[in-house]
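S.K.: Once you've had a glance at the structure underneath, I'll fire off some questions.
The values are calculated or read from the model by the stated rules, or taken from the named source; none is laboratory data. Quick caveat: nothing in here was measured; it's all calculated off a predicted structure. Glycine gets a Cβ as well: all are built from the backbone with ideal geometry, and neighbour counts include every protein chain shown.
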Amino acid sequence: MNAESTLEGQDLEAVERLKAGYETLRAELGKVIVGQEQVLDELLIAIFSKGHCLLVGVPGLAKTLMISTLAETLSLSFNRIQFTPDLMPSDITGTEVIQEDRTSGQREFKFIKGPVFANVILADEINRTPPKTQAALLEAMQEHQVTAGGEKHTLPEPFFVLATQNPIEQEGTYPLPEAQLDRFMFNIYVDYPDEDEELQIIKLTTATYEAELETVLSGDDIMALQEIVRRVPVADHVINYSLKLTRMTRVMKPEAPDFVKKWVSWGAGPRASQYLILGGKARALLSGRFYVSTEDIKAVAHPVLRHRIITNFSAEAEGITPDKIIDMLIDAAPAHESEALSDGRLPEVLGSEDAQ
C-alpha cells in the first residue's frame with residue numbers, strides 16, 4: 001500500500017510543517033524542562049491526536065511546569081484549576097447569576113464562564129476533589145461543551161484537559177472512577193530524572209536563568225494538523241494488531257492469555273483500540289513517515305492501556321503491575337502479518353508491512 005499516494009500535496013507540506021514544528025517545540029520545551037523526553041513525546045502525540053492526558057508522578061517532577069510551558073509555546077489560552085476537597089462543579093464550569101439591565105430595570109440570568117473555558121486546562125491533583133466535581137469535567141472532555149441552565153456553551157477549540165495525579169498519597173484523595181479514566185487518551189508516567197539531568201536541574205533552578213520561549217504553533221495550526229493525523233492511512237494488519245492487543249486484555253474472551261486470566265479483573269474497552277490507532281498515526285507523522293507500523297502501536301501501548309487494565313488481588317500480591325502485563329501482551333501478540341498467519345493467531349488480512 002502506497003500511503004503517500006492517499007495524501008494530497010498540501011497535506012504533505014503540512015506534514016513537513018508538523019515535523020518541523022514538533023522539533024522546534026521540543027527545542028523550546030528543552031529550555032525549561034530537563035530530560036523527560038518520552039513524557040514530552042507522549043504529551044505531544046496526545047495533543048496532535050486530539051486527546052486528553054493524565055500525568056502521574058510524585059511531587060517535584062515538573063508536571064505542572066511542563067503543561068504551562070507547552071501551552072505558552074503553542075500560543076493557547078491556559079487555565080490551571082487546583083482541585084481541592086471543597087471545590088464545587090460550578091467552580092469549574094461556571095455559574096448563572098442574576099444581572100439587572102440599568103436602562104430597562106429588567107433582571108435576567110447571565111452565564112459567567114468558569115476556568116474550563118480555555119484551550120489547555122491543567123487539572124492539578126485531580127484526585128483530591130470529590131467525584132461530583134470530577135464528573136463536571138466529563139461533558140467538557142467528551143463533548144467539548146458545558147450545559148448550564150438548560151443551555152449549551154461551546155468550549156474553545158482546540159481543547160485539552162491535562163490532569164496531574166500524585167500516586168503516593170492515598171489519604172484525603174478520591175480515586176478517579178474507571179468511566180472517567182477511560183476519557184483520558186494517555187496515562188503518562190513521569191519518573192525521576194537520572195543523575196546528570198538532576199544535576200542540570202539544580203544548576204538551572206538555583207540560578208538567575210530565565211528562558212525566553214517562542215511561539216511555535218497557533219490553535220488553527222494545531223486543528224489543521226489534527227485533521228491530517230486522522231487522514232493518515234493504516235494497513236489492515238496494523239488495525240488487527242491494535243484490536244488483538246485490546247481484546248487480549250479481556251478476561252472472559254477466548255483470546256485472553258493465561259496470565260491475563262490470572263492477574264486481570266477487567267480489561268480495556270473499544271476506546272483503547274481507537275486511541276492505539278490515533279496515537280500510532282500521530283507518532284508516525286511526528287517521525288516524518290506517512291504510514292503507521294506496528295512499532296508505532298507498540299510505542300503508545302503503555303500510556304493507552306495502563307489505566308484501562310484493572311489488576312486483581314493476585315497481581316498486587318505478586319507485584320505484577322499493568323505495565324508488566326502490557327509487556328507480556330506485546331510479546332504474546334504477533335507484530336507482523338507473516339508471523340500472525342504462520343501460527344493462526346490473527347486472521348488473514350489485506351496488505352503487509354513491506355507493502356507500506
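S.K.: Can you find, within the stretch 100-117, the residue that is modelled with the highest pLDDT among those that are over 27 Å from Glu178 (Cβ atoms) and assigned to a loop (DSSP other than H, G, I, E, B)?
M.R.: Restricting to residues being over 27 Å from Glu178 (Cβ atoms) and assigned to a loop (DSSP other than H, G, I, E, B), the top hit is Phe117.
S.K.: Moving to a separate point now. Scanning the stretch 1-41 for residues that are charged (D, E, K, R) and farther than 19 Å from Leu76 by Cα, which turns out modelled with the highest pLDDT?
M.R.: Here the residue is Glu37.
Table: residues versus (1) surrounded by 11 or more Cβ atoms within 10 Å (Cβ to Cβ); (2) closer than 16 Å to Lys244 by Cα; (3) assigned by TED's automatic domain parsing to the domain that holds Trp266; (4) at pLDDT 90 or above.
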position: Phe313; (1), (2), (3), (4): no, no, yes, yes
position: Lys324; (1), (2), (3), (4): yes, no, yes, yes
position: Leu329; (1), (2), (3), (4): yes, yes, yes, yes
position: Ala333; (1), (2), (3), (4): yes, yes, yes, no
position: Ser338; (1), (2), (3), (4): yes, yes, yes, no
position: Gly351; (1), (2), (3), (4): yes, no, yes, no
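S.K.: In the list Asp296, Asp343, which residue meets the criterion of being modelled with pLDDT of 90 or more and among the charged types (D, E, K, R)?
M.R.: None of the other options fit; the residue is Asp296.
S.K.: So Ala123 ticks every box in (1) of a type outside the set (S, T, N, Q); (2) crowded, with 18+ Cβ neighbours inside 10 Å; (3) without any contact (Cβ under 8 Å) to a residue 60 or more places away in the chain; (4) in a helix (DSSP H, G or I) but one. Which box is left unticked?
M.R.: In the conditions (1) of a type outside the set (S, T, N, Q); (2) crowded, with 18+ Cβ neighbours inside 10 Å; (3) without any contact (Cβ under 8 Å) to a residue 60 or more places away in the chain; (4) in a helix (DSSP H, G or I), Ala123 misses (4) alone.
S.K.: Among the hydrophobic types (A, V, I, L, M, F, W, C), touching a Ser or Thr at 6+ places or on another chain (Cβ under 8 Å), closer than 11 Å to Ala301 by Cβ and outside the structural domain of Gln180 (by TED's automatic domain parsing): is that true of Leu276 in this structure?
M.R.: yes
S.K.: For Ala282, indicate whether it is small (Gly, Ala, Ser) and outside any loop (DSSP other than H, G, I, E, B).
M.R.: yes
S.K.: Name the residues in the stretch 298-320 that are in a helix (DSSP H, G or I) and under 21 Å from Arg183 (Cβ atoms), would you?
M.R.: Scanning the stretch 298-320 gives Val300, Ala301, His302, Pro303, Val304, Leu305.
S.K.: In the stretch 168-204, which residue that is surrounded by 12 or more Cβ atoms within 10 Å (Cβ to Cβ) and β-branched (Val, Ile, Thr) is farthest from Asp323 (Cα to Cα)?
M.R.: Here the residue is Ile201.
S.K.: A further question follows. What pairs can you find where one residue is in the stretch 21-35 and closer than 19 Å to Leu285 by Cα, the other is assigned to a helix (DSSP H, G or I), and their Cβ atoms are less than 7 Å apart, with a gap of 6+ or different chains?
M.R.: As it stands, the answer is Tyr22/Leu44; Tyr22/Leu286; Leu25/Leu44; Leu25/Thr73; Arg26/Leu40, since those pairs meet every condition given.
S.K.: Taking Gln142 as the residue in question, decide whether it is surrounded by fewer than 14 Cβ atoms within 10 Å (Cβ to Cβ), outside the structural domain of Gly279 (by TED's automatic domain parsing) and within 17 Å of the chain's Cα centre (by Cα).
M.R.: yes
S.K.: While we're here: List the pairs whose first member sits in the stretch 176-191 and is more than 22 Å from Met66 (Cα to Cα), whose second member is of a type in the set (Phe, Trp, Tyr) and modelled with pLDDT under 90, and whose Cβ atoms are under 8 Å apart, counting only residues at least 6 apart or on separate chains?
M.R.: So the pair list comes out as Glu178/Trp266.
S.K.: What pairs come up if the first residue lies in the stretch 87-107 and is touching a residue at least 40 places away in the same chain (Cβ under 8 Å), the second is hydroxyl-bearing (Ser, Thr, Tyr), and their beta carbons are under 7 Å apart, counting only those six or more places apart or on different chains?
M.R.: Taking only residues 6 or more apart or on different chains, the pairs are Leu87/Thr129; Leu87/Thr133; Met88/Thr133; Pro89/Thr133; Ile92/Thr133.
S.K.: Hey, any hits in the stretch 152-163 for a residue that's more than 22 Å from Phe184 (Cα to Cα), exposed (fewer than 12 other Cβ atoms within 10 Å of the Cβ) and assigned by TED's automatic domain parsing to the domain that holds Arg80?
M.R.: Within the stretch 152-163, one or more residues are more than 22 Å from Phe184 (Cα to Cα), exposed (fewer than 12 other Cβ atoms within 10 Å of the Cβ) and assigned by TED's automatic domain parsing to the domain that holds Arg80.
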